[in-house]
1. Just to be sure I understand, if you calculate semi-axes √(5λ) of the Cα gyration tensor in Å for this structure, which of (1) 34, 16, 15; (2) 23, 21, 15; (3) 29, 19, 17 do you get?
2. Cross-link candidates for Lys164: which lysines have Cα within less than 30 Å, leaving aside residues fewer than 8 places away along the same chain?
3. Give me a comma-separated list of calculated 3J(HN,Hα) values for region 160-166, in order, Karplus coefficients 6.51, -1.76, 1.60 applied at θ = phi - 60°, integers in Hz, x for any Gly or Pro.
4. Placing +1 on the Cβ of each Lys and Arg and -1 on the Cβ of each Asp and Glu in the chain, which of Thr123, Ile24, Leu40 has its Cα farthest towards the positive end of the resulting dipole?
5. So how strong a dipole does region 2-218 carry about its Cα centre when Lys and Arg Cβ are +1 and Asp and Glu Cβ are -1, to the nearest 20 debye?
6. Would you pull out the residues with amide H under 5 Å of Ala71's amide H, same chain only if 5 or more places away, H placed 1.01 Å from N?
7. Rounded to the nearest 500, what is the chain's calculated 222 nm mean residue ellipticity when only DSSP H runs of at least 4 contribute -39500 (n - 2.57) each, over all residues?
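All of the numbers you see were taken from the coordinates with simple rules; none came from a lab. Everything quoted here is computed from the prediction, not taken from an experiment. Because the Cβ atoms are built from the backbone with ideal geometry, glycine has one as well, and the counts that use them run over all protein chains shown.
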Amino acid sequence: MRRFIFTATLLAGVATSASAQWNIARFNAEPNRVYTSFGLDPAFVASAGYARAIPVMSHAFQLNAELGVAAAHPDTRDFRTRVGAQTSLLHWRSVNFSGTATFISRGTENSIYRGFNFGADLTGALGVYRPGWFAAIEVGKDKAIMTHITNSSYYRSTFYADAKDGWYLDSGGTLHHGLAAGLTIRRTELMAKAGWLTTERYNSVMPPLYGTVGIGFGF
């Protein structure tokens, strides 16, 4: 039952693959960035956010906040918020291994149930980051830590009268791995990413792919 709940929420368009991947070589040059993105993630999701790079003991961290909604039929009941931090963990010249930690909340509502979820995503990326472009491979895990389900009267009367509302712990997760790349033109950054999704137990999900394009403006 818990796996069904997580999968249903995932396919409703409120789960996430990797957090947004941007050019860490530009953190010091342009500490502020506003951005928007659109893609299959795993449903069609449109997002907008703000990021700021801050120095901590001479090391740059980027903090970001983002709001996304299902884009096929825009509805604020199908939403996702993300708050995260990204930094370079190891580097050699232009080659960087970066890490991203993201706290996620997401919700959805349909004729069967209303769901709200807290989760987290941890992603590592290895690539070449130059001021004008970057290309990287990324691997990560999105974990649904706690999910609240409220079953509808329609579901109770039609399918299961004894359905229980409440919180479910450890309601599933997904693994994501793919490619990310970006190109900078003056203060404008273009980003694209694509890859594969599986459950945390390496079972297939539908759709099995994710892909996102985005544009950001630094200042």
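1. The listed entry that was calculated here is (1).
2. Lys141, Lys143
3. Calculated HN-Hα couplings, in order: 8, 5, 9, 4, 9, 7, x Hz.
4. Of the listed residues, the answer is Ile24.
5. 340 debye
6. Phe44, Val45, Ala46
7. Value at 222 nm, helices only: -1500 deg cm²/dmol.
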